[in-house]
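What follows is one structure encoded as C-alpha cells, with my remarks underneath.
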Amino acid sequence: MERTVKIRLFKDHGAYLEAVFAAVNGRNFLIQRGEEVEVPESVAEVLENSFRQQAAADDLVRRIHREAEQ
C-alpha cells in the first residue's frame with residue numbers, strides 16, 4: 001500500500017473552482033479544491049509536476065509577449 005499525504009488545492013470563485021482530475025497507473029482521482037484531502041504520494045507528485053510545468057509555460061508565454069512588444 002502506498003503512503004498517503006494531505007494536500008489542499010487552491011480554490012477561488014473563478015478559474016480555480018472545479019475539481020482536478022488526476023490518473024496514476026490506471027487509478028483515477030477527482031480532487032476537490034479548497035479542502036484538505038489525503039491522496040497517494042504518487043498523485044501529489046503528478047499534481048506538483050503538472051503545476052510546475054504550467055507555471056513554466058506561463059513564464060515562457062509572458063517572456064515571448066514581452067520580447068514581441070520590443
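The values are calculated or read from the model by the stated rules, or taken from the named source; none is laboratory data. If you're wondering where the values come from, they're calculated on a predicted model, not measured in any experiment. All Cβ positions, even for glycine, are placed from backbone atoms using ideal geometry, and neighbour counts span all protein chains on display. Just so you know, the surface numbers come from the protein's heavy atoms only, side chains and all, with ligands and any DNA or RNA stripped out. Shrake-Rupley method; radii C 1.70, N 1.55, O 1.52, S 1.80 Å.
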(request) May I ask you to give the percent of accessible area on the chain that is carbon plus sulfur, with a probe radius of 1.4 Å? (result) 50 percent
(message) Taking the Cα centre as origin and putting +1 on Lys and Arg beta-carbons and -1 on Asp and Glu beta-carbons, what dipole magnitude results for the chain, to the nearest 20 debye?
(response) 0 debye
(request) Would you mind counting up the charge near Arg52? Only other residues with Cβ under 12 Å from its Cβ, with Lys and Arg at +1 and Asp and Glu at -1. (result) -4
(request) Lys and Arg at +1, Asp and Glu at -1: add these up for the other residues within a Cβ distance under 10 Å of Thr4 and post the number. (result) -1
(request) Taking H placed 1.01 Å from N in the peptide plane, check which residues at least 5 places from Ala19 or on another chain put their amide H under 5 Å from its amide H. (result) Arg33
(message) Can you compute the modelled spin-label distance between Leu30 and Ile7, with each label point 7 Å from Cα toward Cβ, in nm?
(response) 1.7 nm
(message) Using only Cα atoms and rounding to the nearest 10 degrees, what angle (0 to 90) does helix 41-69 make with the longest principal axis of the chain?
(response) 10 degrees
(request) Run the quick spin-label model on Gln54 and Ala19: label points 7 Å from Cα toward the beta carbon, then report their separation in nm to one decimal. (result) 1.7 nm
(message) If you count only protein heavy atoms with a 1.4 Å probe, what accessible area per residue comes out for segment 11-65, rounded to a whole Å²?
(response) 74 Å²
(request) Report, in deg cm²/dmol and to the nearest 500, the calculated mean residue ellipticity at 222 nm for the chain, where each DSSP H run with n ≥ 4 adds -39500 (n - 2.57) and the sum is divided by the residue count. (result) -15000 deg cm²/dmol
(request) Could you list which residues have their amide H under 5 Å from that of Leu9, counting only those 5 or more apart in sequence or on another chain, with H placed in the peptide plane? (result) Gly34, Glu35
